[in-house]
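All remarks here apply to the structure that follows.
No lab work stands behind these numbers, since they all come straight from the coordinates. Note that the structure is a prediction, hence the values are computed from the model and not measured. A quick note on method: Cβ atoms are made from the backbone with ideal geometry, for glycine too, and the neighbour counts reach across all protein chains shown.
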Amino acid sequence: METKVRFAPSPTGNLHVGGLRTALFNYLYAKKVGGKIILRIEDTDQKRKVEKAVENILDAFNQLNIYFDEGPHLESKYGPYFQSQRLSIYKDHIQILLDNGTAYPCFCMGERLDDLRLKLATNKEHIKYDRHCLNLSQDEIKAKMEGEPYVIRMKVPDGEEVVFYDVVRERVAIQCDEIDDQVLIKSDGFPTYHFANVVDDHLMGITHVMRGEEWLPSTPKHVLLYQFFNWKLPKFIHLPLLLNPDKSKLSKRQGDVSVEDYLNKGYLPETLINFVALLGWHPKDEKELFSLSDLENEFSVKRINKSGAVFDVEKLKWMNGQYLKNLPIETIMKYAEPVFKSKGWDTKNTEKFKAVIENARKRADTIHEMIKPSIPFYAELEYSDEDNNLLQNESSQKVLTYFSEKLTGQINWTEAEIKLLVNETGEITGVKGKDLYAPLRISLFGEVHGPDIPLLIGILGIDETIIRIQRHI
């Protein structure tokens, strides 16, 4: 049988990094074993649906170069892939459970259920439905269904034990007495997550259900539904929680948690993929930097961890700096160009832009941090009173005058020739060390510390270099 996995987000906002981790692990496993990954949109909770959320999720995956084999954007015999378009399928399947006695209608609403929960909580009893409506006669049920709102619940077997095997957690067992009669169909006719995801996973041929650990307590309910339908169980793989450095669960309340947030902050798609892959999974050795294709070859569900994974932003930033420095310069230019253009800077001079990026990526950990070391090459420099005083002293004037005059006398300069000219300027003017380099670097770059002078001149060009120096003579 062909391996099939799925990623099934709710369209309630942008792609969460936890969702990316789930999708990525499913994607890597499918690629490793030659299987398929599908995208399904679980939009049965219409009240929480956010406009354009699906488009934003797909756009995030496109930026990360993760593509699905089936989904709402692709035609397939297993669709539709929006659960809101599959209501007739759920209606047919809930009827099967009603007919075989593993589900029943419940007319208890609001106030009675609240009172029941309060009573059970006060008595420190397990909070679950008391099956009040299970005792109704068929005539009572028929009469109520014609005039009252109702839900449909699963009937959990009495006195039995649910046992299943999880690839990460191994054997898991829970007593049915601890499981509530879960609502399967809500009063608006839409299915709950628990019912729809089981029906869809079976009909779409899902062989492995890989999802977050928070769904582990719900899995016994899903196992029972598979048994009620007499369907083969998929293999379950529950991924460890993502944690903040203080070991609290990673959530929106702690700040930026969406893929879009990090991309907008100047983190690279390659970095996010690499970093998220190491959250709850470990490679065979101590290697930390992986391309997507490396991960496809390396990934194994056997090396998924049980313990929670800490989302360390400092580690993410370090890793991003490694990618900035080591990816092909053309790749970094592509990512940086829209950011530089947003500053109003002209990037059409490709050679200059390339040289600016080459300099900046050595001095930054994110795309946005590359802006600061690039400002002197695109904007008018501002000088402090201290800098102006330094540029106007006698030794600085000697250096600037001699250097600019010699520079003007030749059109093409190599890096080696500029180094020789700097040394020559020092010898002729008698100015050494910081007194030699500081006036040149400040006049060209606006700061005492910065790139080597030959690199500065190479980026600025001879004409702009002469203009900047002569402003201070």
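Determine the dipole magnitude for segment 385-470: charges of +1 sit on the beta-carbon of Lys and Arg, -1 on that of Asp and Glu, nothing else is charged, the reference point is the Cα centre, and the result goes in debye to the nearest 20. Mind showing how you got there, number by number?
Details: 7 positive and 14 negative charges, 31 e Å.
I would put it at about 160 debye.
What Kirkwood hydrodynamic radius do you get for segment 86-239 when you take the inverse of the mean 1/r over all pairs of distinct Cα atoms, in Å? Walk me through the intermediate numbers first.
Working: mean 1/r = 0.0601 Å⁻¹.
Result for segment 86-239 stands at 16.6 Å.
Once you divide the Cα radius of gyration of segment 183-268 by 2.2 N^0.38 Å, the number left is 1.42.
Dipole magnitude for segment 315-473: about 700 debye, using +1 per Lys or Arg Cβ and -1 per Asp or Glu Cβ, origin at the Cα centre.
Against the chain, whose longest principal axis comes from its Cα atoms, helix 313-326 is set at around 50 degrees.
Within the chain, antiparallel bridges make up roughly 55 percent of the DSSP beta bridges whose residues both belong there.
Each of (i) 4, 20, 30, 25, 14, 6, 1, 0; (ii) 4, 21, 32, 29, 13, 1, 0; (iii) 4, 16, 21, 18, 13, 10, 8, 6, 4, 2, 0, 0 is a candidate for P(r) over Cα pairs in 10 Å bins from 0, in percent; the one calculated from this structure is (iii).
Over the chain, what is the relative contact order in whole percent, taking alpha-carbon pairs under 8 Å and six or more residues apart?
Relative contact order of the chain: 12 percent.
Output the pairs from LYS287/LYS354; LYS284/LYS306; LYS325/LYS372; LYS36/LYS232; LYS124/LYS232 with a Cα-Cα distance over 26 Å in this structure; if there are none, say none. Table pairs above 26 Å Cα-Cα are LYS287/LYS354; LYS124/LYS232.
Ordered by the number of other Cβ atoms lying within 10 Å of each residue's own Cβ, fewest first, ASP246, ASP463 fall into the sequence ASP246, ASP463. Here the Karplus curve 6.51 cos²θ - 1.76 cosθ + 1.60, taken at θ = phi - 60°, turns the phi angles of segment 408-418 into couplings of 5, x, 9, 7, 9, 10, 8, 4, 5, 5, 5 Hz, with x standing for Gly and Pro. Any lysines with Cα under 21 Å of the LYS186 Cα? List them, leaving off those in the same chain fewer than 8 positions away. List returned: LYS47, LYS49, LYS91, LYS128, LYS142, LYS144, LYS155, LYS221.
Which ordering of ILE304, ILE457 is given by a fewest-first count of other beta-carbon atoms within 10 Å?
Ordered by Cβ neighbours within 10 Å, fewest first: ILE304, ILE457.
Kirkwood's formula applied to the C-alpha pairs of segment 21-68 gives a hydrodynamic radius of 12.1 angstrom.
Expressed in Å, the radius of gyration and Dmax of the Cα atoms of segment 385-470 are 11.6, 34.
Using the number of other C-beta atoms within 10 angstrom as an exposure proxy, rank VAL356, VAL257 with the fewest first.
Placing the least packed residue first, the sequence is VAL257, VAL356.
One Cα centroid belongs to segment 23-78, the other to segment 3-18; the line between them spans 6 Å. Per residue, the convex hull spanned by the alpha carbons of segment 37-120 comes to 179 Å³.
For LYS432, the lysines whose Cα comes closer than 26 Å to its Cα, not counting residues fewer than 8 places off in the same chain, are LYS398, LYS406, LYS419. Think of it this way: in the chain, CYS108, CYS176 stand alone, with no other Cys Cβ under 4.7 Å.
Projecting the Cα atoms of TYR402, ALA53, GLN392 onto the dipole axis of the chain, where Lys and Arg carry +1 and Asp and Glu carry -1 at the beta carbon, places ALA53 farthest toward the positive end. Per-residue extension of 0.36 nm, minus the Cα-Cα distance of GLU382 and ASP463, leaves a gain of 27.2 nm for this segment. Taken along the Cα-to-beta-carbon direction at a fixed 7 Å, the label points for VAL163 and ASP294 span 4.3 nm.
In deg cm²/dmol and to the nearest 500, what is the mean residue ellipticity at 222 nm of the chain if only DSSP H runs of at least 4 residues count, each as -39500 (n - 2.57), divided by the residue total? Please report the intermediate quantities before stating the final value.
Details: 20 runs with 220 residues, N = 473.
My calculation for the chain gives -14000 deg cm²/dmol from helical runs alone.
Kirkwood radius and radius of gyration were both taken over the C-alpha atoms of segment 328-375, and their ratio Rg/Rh is 0.89. Computed extension length for ASN349-LEU98: 83.3 nm, one decimal, from 0.36 nm per residue of separation with the Cα-Cα distance subtracted.
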